[in-house]
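See below for the structure under consideration.
The values are calculated or read from the model by the stated rules, or taken from the named source; none is laboratory data. Treat the numbers as computed from the prediction; the structure is a model and nothing was measured. Cβ placement follows ideal geometry from the backbone for every residue including glycine, while neighbour counts extend to all protein chains displayed. Just so you know, the surface numbers come from the protein's heavy atoms only, side chains and all, with ligands and any DNA or RNA stripped out. Shrake-Rupley method; radii C 1.70, N 1.55, O 1.52, S 1.80 Å.
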Amino acid sequence: MKKIGYLLLLIVNTIVAAGIYYFAARAYFLPIMAIYQVLAIAAICLYAFMFYRHNTEIGKAKMNGEDIEESVLEKRRKKLKKCMVFGFPFVFVVIWDYIYLLLLADSPLFKNILG
């Protein structure tokens, strides 16, 4: 997929994840926040693991004076992009919910703006 395709897929996945979260919260399905937090933490850990493993292998190859094939590098980049596209919508939703709950929900200024 090209860069625009990954960006559109990230946006669509974020909208879907946010919609599911919103409707589950409206239906008083309270474990949804914990579920999304676990998925967000898992996505961050998986991405960090894959990123550092990828860079470590590149560093080892450079130290030995070897070059890694471009096809292998491209395959790893695609894995990182897929991890980001399918994992980070949960991170975005959880961060947005934290911002709302911690900064906006009890703010008198925010209540005055909404009516």
Residues of the stretch 76-93 that turn out to be over 17 Å from Ile11 (Cβ atoms) and crowded, with 17+ Cβ neighbours inside 10 Å, as a count: 1
Quick one: how many residues across the stretch 22-37 are open to solvent by 100 Å² or more (accessible area, probe 1.4 Å) and assigned to a helix (DSSP H, G or I)? 3
Within the stretch 40-70, how many residues are touching a Phe, Trp or Tyr at 6+ places or on another chain (Cβ under 7 Å) and open to solvent by 70 Å² or more (accessible area, probe 1.4 Å)? 0
Hey, any hits in the stretch 36-59 for a residue that's more than 30 Å from Tyr100 (Cα to Cα) and either touching a Ser or Thr at 6+ places or on another chain (Cβ under 9 Å) or of a type in the set (Gly, Ala, Ser) (or both)? yes
Hey, can you tell me all the residues within the stretch 1-21 that are within 18 Å of Tyr100 (Cβ to Cβ), aliphatic (A, V, I, L, M) and open to solvent by less than 70 Å² (accessible area, probe 1.4 Å)? Ala17, Ala18
Can you find even one residue in the stretch 95-115 that is open to solvent by 80 Å² or more (accessible area, probe 1.4 Å) and on the phi > 0 side of the Ramachandran plot? yes
Could you grab the pairs with beta carbons closer than 6 Å, sequence gap of 6+ or different chains, first residue in the stretch 74-103 and free of Cβ contacts under 8 Å to residues at least 40 places away in the same chain, second one in a helix (DSSP H, G or I)? Arg76/His54; Leu80/Met50
